[in-house]
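These notes are about the structure you will find just below.
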Amino acid sequence: MNHLLSIEDLSREEIEAILDRAESFAEVGRRDIKKVPTLRGRTVVTLFYESSTRTSSSFELAAKRLSADLVSVKAAGSSVDKGESLKDTVATLSAYDPAAIVIRHPYAGAAQMVSRWTSAAVVNAGDGKHEHPSQALLDVYTLRRRLGSLEGTRIWIVGDVLHSRVARSNLIAFQRMGAEVTVCGPPTLIPRGIEELGCEVSHSLERLGEAEVVYALRMQQERMSESFVPSLREYAATFQIDTRRLNPRQLLMHPGPVNRGVELSGEAIDSPQSLIAEQVASGLVVRMAILYELLAGAERPDPEGAPSPGGGESSPTPIGQPA
Amino acid sequence: MSELAALTDVLDVRTGEDAHLVLRRASVLDPVAGIDGVHDVVVRDGRVAELATPGEADTDGAEVVEAEGLHAFPAFFDPHVHLRTPGHEHKEDVETGTRAAAAGGYCGVLAMANTQPPVSTAADIAALREQARAGASVPVGFLATVTKGMRGEELTEMVELREAGAVGFSDDGLPIRSARVMLRALQYQRLCGGNIALHEEDPELSGEGVMHEGPVSAAVGLAGIPSVSESTMVARDAALAAYEEARIHVQHLSAAESVEIVRAAKAAGVQISAEASPHHLVLTDEEVRSLDPHRFKMNPPLRRESDRQALIEGLRDGTIECIATDHAPHQAEEKEVPFEQAAMGVTGLETAFAALHTELVLPGTIDLALLVERLGGGAAPFGIARPTLAPGSEANVALCDLGAEWTVGEDGYESRSQNAWCAGRTLTGRVLMTVAAGQVAFRLRAFSLGVAS
């Protein structure tokens with residue numbers, strides 16, 4: 001794996017390898033000293049053209065936990081504000097010889113383009129409405145921990161699928177792991193032709209009981225002015241996941257940030273079947289695993305002090321212990 | 001409809017020396033004139049002087065081109081190109097654009113008016129015609145906008161524009177949003193003449209779309225332009241043209257529904273003509289999975305295989321009478337950005353014949369004669385006689401090697417821009433030499449070295 005641009009590019013085995021690696025980092029997270037020297041002396045750049053809390057903070061912390069030097073660039077307040085093109089910005093940052101560039105961009109294909117302009121490993125942290133592969137990986141990781149396997153698991157993705165990169169990446173990832181996916185939402189927010197991706201389409205929550213996992217998507221305010229839905233009130237009345245619609249055996253997920261009282265009721269969010277907090281925790285270890293696989297994985301020369309990749313018996317070594 | 005005008009009566013070209021050529025033992029194919037055989041093609045004093053018995057033409061004083069095994073076609077006519085001048089000369093101008101046309105075997109092109117500023121006044125037309133006389137390699141005609149500044153509100157001074165030499169009218173790049181303005185333009189056509197070429201798209205339905213709306217847009221998360229964005233406007237304008245008994249030309253058809261509407265309108269006697277572009281005849285929206293805007297972002301967008309098949313069927317049955325490249329040059333910095341931000345459009349003049357020969361003729365989808373016929377079919381809708389090789393006619397010849405393999409872009413482009421939709425593809429069939437309005441407009445460099453004299 002040279003870059004993480006899209007879930008589409010990953011085989012089931014490659015996904016499993018990242019998740020296995022994440023498991024070993026979870027173990028590190030339980031130690032007093034949560035840092036490993038794997039990426040010591042190497043530089044990770046995060047380049048965010050859109051606001052983000054979870055994704056940027058967890059990638060940044062992941063890089064630090066791996067002992068990388070971190071440069072984080074936000075579009076606001078940088079030369080991007082002054083009209084610099086993406087290509088020129090990448091050329092500038094590449095002059096620092098980063099090992100990885102983590103990029104979020106409002107347009108589809110941005111990460112893929114960047115990968116052609118730099119020798120660094122590129123991680124797509126969300127490109128337009130196209131993909132959000134690290135989110136999909138952390139969601140699969142979270143579910144795998146709960147269920148052991150996604151084989152045959154019935155998952156419903158509910159809400160604004162049309163505008164959601166999370167929906168797209170997760171749909172692909174869940175299916176690749178053997179799950180059966182239904183996308184559900186008002187017809188105006190389900191992209192035409194999505195059933196050709198192999199999922200079922202529903203415009204009603206009537207059969208929601210079939211799902212073992214309910215994955216709700218964020219519903220944005222501005223969709224009303226564009227006539228996608230008449231009102232958030234009507235949307236909530238028809239598609240909100242609440243504790244009446246959810247049965248106690250179903251697991252509930254959401255990529256965050258949640259609009260409380262719109263796509264999810266407050267009660268549902270705080271219910272014991274909600275995995276939302278767990279998803280955030282998974283984000284850190286999965287993003288550590290992504291950086292590890294890209295930068296210290298088998299295809300790249302091992303940096304000094306890195307544990308041997310792929311070897312199930314060797315877990316990453318915390319600082320202060322003999323390597 | 002009135003008598004068709006000769007190419008150079010309406011179009012402008014840099015005047016130079018009339019060619020005196022003998023294309024010896026060329027396979028001559030002009031399906032409309034009913035010519036299909038091996039001849040010595042004699043070009044002299046601006047005309048096709050003679051189609052002589054092979055090897056027997058008088059070569060005295062002529063440049064002899066050994067053309068055995070090569071094909072001579074009537075040169076092609078493109079009713080839809082963007083020469084980008086005035087205002088965007090960094091992408092293309094009259095000189096580079098017509099050089100690209102010559103390299104593609106064209107003897108005539110019509111330039112769209114969506115320049116900066118748009119071509120909306122008689123003075124704009126006069127200035128462009130002056131440029132063409134100074135530097136155009138092949139005859140070029142200019143369309144003026146239908147509405148002032150392409151704002152879609154008020155009609156341009158269409159009578160004066162026609163008197164200044166505007167070949168026709170088009171707001172191409174944008175649709176004429178208002179049905180009322182469209183109706184007025186069609187009414188006014190009775191006074192000013194000139195066909196009205198239409199970019200059919202409902203901006204309300206296209207929204208922020210950047211590719212065809214369907215399973216691929218769903219898969220890659222790009223906003224879609226639905227087929228009905230085009231077809232509903234084609235239907236509107238066909239109805240308006242019928243109502244006013246006016247003449248319209250529908251540009252770059254892309255959707256099966258639109259083809260069906262044009263077919264029905266023609267059957268009902270509406271004066272409607274239609275074009276399809278090589279990229280729509282060869283590619284589908286599956287290409288957009290690559291998210292490569294250089295080759296695959298244009299408007300109208302690449303659509304489904306079923307749409308492509310409908311376009312081919314339209315070409316076959318004459319619903320679509322011509323192929324138009326919609327040659328739309330853009331510089332690298334306008335394309336080296338994410339798909340959604342990239343400029344719409346691809347270039348096609350230099351590759352249209354070779355690409356369609358490779359992708360449609362060689363697999364047997366359409367035959368060579370039909371391709372040649374449709375590549376010349378864009379003249380008549382604008383009142384211009386189609387190029388022909390009938391003896392006595394103005395010499396417009398494309399000499400082609402149907403067996404030549406070449407990779408697009410490997411030797412650069414004549415166009416100032418490089419956003420060819422078939423960049424990097426290996427094509428079979430190549431234009432070696434173009435004669436336009438009696439002058440040699442283009443010779444492939446490698447070929448000219450081998451010319452006997």
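Read the figures in this text as sums done on the coordinates, not as results from a lab. In this text, all values refer to a predicted model and were calculated from it rather than measured experimentally. All Cβ positions, even for glycine, are placed from backbone atoms using ideal geometry, and neighbour counts span all protein chains on display.
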message: Projecting each Cα onto the charge dipole of chain A (Lys/Arg +1, Asp/Glu -1 at the beta carbon, about the Cα centre), which of A:G209, A:P191, A:P230 comes out farthest on the positive side?
response: A:P230
task: Select from A:I276, A:V80, B:S170 the residue farthest towards the positive end of the dipole of the protein assembly as shown; place +1 on Cβ of Lys and Arg, -1 on Cβ of Asp and Glu, and compute about the Cα centre.
output: A:I276
- prompt: Quick one: which of B:K148/B:K266; B:K91/B:K335; A:K87/B:K297; A:K129/B:K297 span more than 22 angstrom between C-alpha atoms?
  reply: B:K148/B:K266
- request: Taking just the C-alpha trace of region A:133-278, give me its Rg and Dmax in Å.
  value: 13.9, 42
message: Projecting each Cα onto the charge dipole of region B:180-294 (Lys/Arg +1, Asp/Glu -1 at the beta carbon, about the Cα centre), which of B:N195, B:G207, B:A218 comes out farthest on the positive side?
response: B:N195
message: Let me spell out the model: positive unit charges on the Cβ of Lys and Arg, negative unit charges on the Cβ of Asp and Glu, origin at the Cα centre of the protein assembly as shown. What dipole size does that give, in debye rounded to 20?
response: 2620 debye
message: Given Cβ point charges of +1 (Lys, Arg) and -1 (Asp, Glu) and nothing else, what value in debye, to the nearest 20, does the dipole of region B:75-382 about its Cα centre take?
response: 520 debye
- request: Let me know the shape class of region A:50-148, please: from the alpha-carbon gyration tensor, a ≥ b ≥ c as square roots of the eigenvalues, rounded when a/c is under 1.5, otherwise prolate if a/b is greater than b/c, or oblate.
  value: prolate
Cα gyration tensor, chain B - rounded (a/c under 1.5), prolate or oblate: prolate
query: Non-local amide H neighbours of B:A5 (under 5 Å, H modeled in plane, Pro and chain starts lacking H): which ones?
result: B:I384, B:A385
Principal axis dimensions, largest first and in whole angstrom, of the protein assembly as shown by Cα: 97, 58, 47
- line: The longest stretch of chain A containing none of the trypsin sites (Lys or Arg not before Pro) that sit in a DSSP loop with at most 16 other Cβ atoms within 10 Å is A:41-191
task: Sum -39500 (n - 2.57) across every DSSP H segment of at least 4 residues in the protein assembly as shown, then divide by the residue count to get the 222 nm mean residue ellipticity, nearest 500.
output: -9000 deg cm²/dmol
- prompt: If one computes P(r) from the Cα atoms of region B:125-189, what percent of pairs lie at distances over 20 Å?
  reply: 30 percent
field: Qualifying aspartates and glutamates (Cα of each under 19 Å from Cα of A:K82; at least 8 residues distant if same chain)
entry: A:E50, B:E333, B:E334, B:E336
task: Treat the count of other C-beta atoms within 10 Å as a stand-in for reagent exposure and order B:S229, A:S94, A:S204 from fewest to most.
output: A:S204, A:S94, B:S229
message: Using Cβ contacts closer than 10 Å as the measure, can you line up B:H280, A:H132, B:H294 from fewest to most?
response: B:H294, B:H280, A:H132
message: Taking a ≥ b ≥ c as the square roots of the Cα gyration tensor eigenvalues, with a/c under 1.5 meaning rounded and otherwise prolate when a/b beats b/c, else oblate, which class fits region B:307-453?
response: oblate
- prompt: Using alpha-carbon positions, what is the distance between the centroids of region B:332-366 and region B:116-189, in Å?
  reply: 26 Å
message: Can you compute the charge dipole magnitude of chain A about its Cα centre, using +1 on each Lys and Arg Cβ and -1 on each Asp and Glu Cβ, nothing else charged? Give it in debye, rounded to the nearest 20.
response: 640 debye
